Amino acid sequence: MSPLDLLRAAGPLLWVLLALSLYVVYLTVMRILALRRLGQDAGALIERARAITAESGPAAALAEVDRAAHPAPAAQVLRAGLHRADRGPDAAVSAMQSALLAEDSRLYAGLSALSTAAQVAPLLGLLGTVIGMVRSFLVFSQTSAPTPAQLATGISEALVNTAAGLVVAIVAYVARNALRARADRIATQAERVREDLPGWLTPRLGAAQLASPVVTLPPRPEVSLSFDGARR
């Protein structure tokens with residue numbers, strides 16, 4: 001029996017597995033392209049923003065980040081923190097936390113679908129195996145002495161579906177883990193920005209407080225009381 005005959009004998013579930021494999025490949029390629037764009041190193045931009053913050057303040061650093069238009073999540077988190085820096089470190093941290101959650105949804109998009117495909121594909125292969133074995137036993141029930149050619153259809157359906165389900169599951173599982181590791185490395189840089197930015201702002205706030213004018217209240221007049229209780 002040729003490989004083409006095996007594919008024909010595998011039954012309709014094989015086409016479902018083929019469609020699932022195409023989806024896994026498509027999703028994997030799209031996520032690789034997306035992570036390649038999001039994974040551009042933002043280290044130079046972060047260092048530039050740090051220097052500008054120390055020299056000219058958060059507003060000038062925000063203008064530099066906006067001008068760069070860097071696609072990395074670290075740059076988006078940095079932009080959110082600098083945008084709220086004038087309200088204090090706590091407000092900046094809160095804005096960066098919200099931005100980090102939004103960037104995580106972009107980084108890890110599609111990974112749950114790959115995980116689902118890795119779990120469903122072996123089950124579809126197992127279902128095809130059961131259907132193929134049922135067909136083989138039906139041959140025994142209809143023929144007292146079945147020939148190998150009569151049994152080959154059910155057995156080939158069972159084996160081909162099992163192999164196809166395992167192949168799709170392995171590809172989906174490996175792709176999901178590799179993409180997650182890449183997304184974790186990108187998210188680490190964004191989390192580092194969230195932790196470092198309040199330290200950039202604290203010296204600026206301290207210097208602003210020292211430079212603010214000190215208001216001196218005039219001394220209160222002394223009031224003395226005579227022995228009879230009248231003020232002098």
**Prompt:** Under the condition of being more than 14 Å from Leu13 (Cα to Cα) and of a type in the set (Val, Ile, Thr), which residue from the stretch 115-138 is modelled with the lowest pLDDT?
**Reply:** Val134
**Prompt:** Does Gln97 satisfy the criteria of being closer than 16 Å to Arg192 by Cβ and touching a Pro at 6+ places or on another chain (Cβ under 8 Å)?
**Reply:** no
**Message:** Taking the conditions exactly as written (over 25 Å from Val29 (Cβ atoms) and open to solvent by 30 Å² or more (accessible area, probe 1.4 Å)), does Met96 satisfy them or not?
**Reply:** no
**Request:** Might you check whether a residue that is at pLDDT below 60 and in contact with a Leu (Cβ under 7 Å, 6 or more places away or on another chain) occurs anywhere in the stretch 152-172?
**Result:** no
**Request:** With the condition kept exactly as written, say whether any residue in the stretch 178-193 is under 30 Å from Gln97 (Cβ atoms), surrounded by 14 or more Cβ atoms within 10 Å (Cβ to Cβ), in contact with a Lys or Arg (Cβ under 8 Å, 6 or more places away or on another chain) and at pLDDT 80 or above.
**Result:** yes
**Message:** Condition first: surrounded by 17 or more Cβ atoms within 10 Å (Cβ to Cβ), without any contact (Cβ under 8 Å) to a residue 60 or more places away in the chain and under 24 Å from the mean Cα position of the chain (by Cα). Now tell me which residues in the stretch 100-133 satisfy that.
**Reply:** Ala118
**Request:** Quickly run through the stretch 59-83 and pick out the residues that are more than 26 Å from Ala34 (Cα to Cα) and surrounded by 22 or more Cβ atoms within 10 Å (Cβ to Cβ).
**Result:** Ala61
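The values are calculated or read from the model by the stated rules, or taken from the named source; none is laboratory data. These figures come from a predicted structure and were not determined experimentally. Neighbour counts run over all protein chains shown; Cβ positions are idealised from the backbone, glycine included. Heads up: the accessible areas ignore ligands, DNA and RNA and are worked out on the full protein's heavy atoms, side chains in. Shrake-Rupley method; radii C 1.70, N 1.55, O 1.52, S 1.80 Å.
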